[in-house]
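Below is one structure, written out as structure tokens; the observations come after it.
The values are calculated or read from the model by the stated rules, or taken from the named source; none is laboratory data. Predicted model only: the values in this text are computed from it and were never measured. Here the Cβ is made from the backbone with ideal geometry for all residues, glycine too, and neighbour counts use every protein chain on show. The protein model used for the area step is the full one, side chains on, heavy atoms only, and it has no ligands, DNA or RNA in it. Shrake-Rupley method; radii C 1.70, N 1.55, O 1.52, S 1.80 Å.
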Amino acid sequence: MNYKNEKLLIEHLKKGEQKAFIYIVDNYNQRLFGYALSLTNDLAMAQDIIQNVFLRTWERRKKIDIKTSLQNYLFKSVHNEFLNQYKKNQSAMLLEQKYFDALEKTTESYENNIFEKIIERVKKEIETLPPKCKEVFLLSRKDGLTNIEISDYLNISIKTVEAHITKAFSILRKTFSEKVDGILFLLFEKKHART
């Protein structure tokens, strides 16, 4: 089948013809990946975006409405998927901030000298974290950088940033009880927010 005729290609895709879909993947994969990489500067994230775009193209093939060209449709899909991924990261950060805000209210009755002792314990424990893990954790908690900003700054993927932060929390939770855990991080955050 000659799929160079775009109208014919789209018609066969809408009918669920796998060969038409494979042709689209083979023909556009490299260009779309290059575009996704230029948006994310992250190999893993770019690959996720491309996989999601092709998956959705196949799932929604019957409803595809292409007004300009297939290439424009796919590039716009990559751009939209990038925005969705970015919004998800922002949403996760907002939820985390709400968690800290809620904990702040519970700590108002504690005395200052208890705060200082807890802060010292947290700082000592953070110093024992693996070097890369500690660096990512401090950029996030102390300097207030977003996961995307840390990813750009250290030239690592957002998933790697998330993994380091999760690992740091996991290590610190082994030292401090679940109840004290949130308060410890809240205090650490507050102390550096003033400097």
TODO: Quantify, in whole percent, the carbon and sulfur part of the accessible surface of segment 19-61 (1.4 Å probe; protein heavy atoms only).
DONE: 50
- [ ] Lys and Arg at +1, Asp and Glu at -1: add these up for the other residues within a Cβ distance under 14 Å of SER77 and post the number.
- [x] +3
Open item on the list: What distance in nm separates the two pseudo spin-label positions at GLU149 and GLU127, each 7 Å out from Cα along the beta-carbon direction?
Closed with: 2.6
Open item on the list: Which one, GLN51, ALA36, ILE10, is farthest towards the positive end of the dipole of segment 1-71 when Lys and Arg carry +1 and Asp and Glu -1 on their Cβ?
Closed with: ILE10
Task: Whole-number accessible area per residue in Å² for segment 1-77, which is evaluated in the context of all protein chains at 1.4 Å - done: 65
TODO: Rounded, prolate or oblate: pick one for segment 128-175, where a ≥ b ≥ c are the square roots of the eigenvalues of its C-alpha gyration tensor, a/c under 1.5 means rounded, and failing that, prolate if a/b is larger than b/c, else oblate.
DONE: prolate
Task: FRET efficiency estimate (nearest 0.05) - Cβ-Cβ, LYS76 to LYS174, R0 45 angstrom - done: 0.45
Open item on the list: So, R0 is 22 Å and r is the distance between the beta-carbons of ALA44 and ASN84; what FRET efficiency does that work out to, to 0.05?
Closed with: 0.85
Task: Accessible surface, segment 118-161, averaged per residue in Å² (probe 1.4 Å) - done: 52
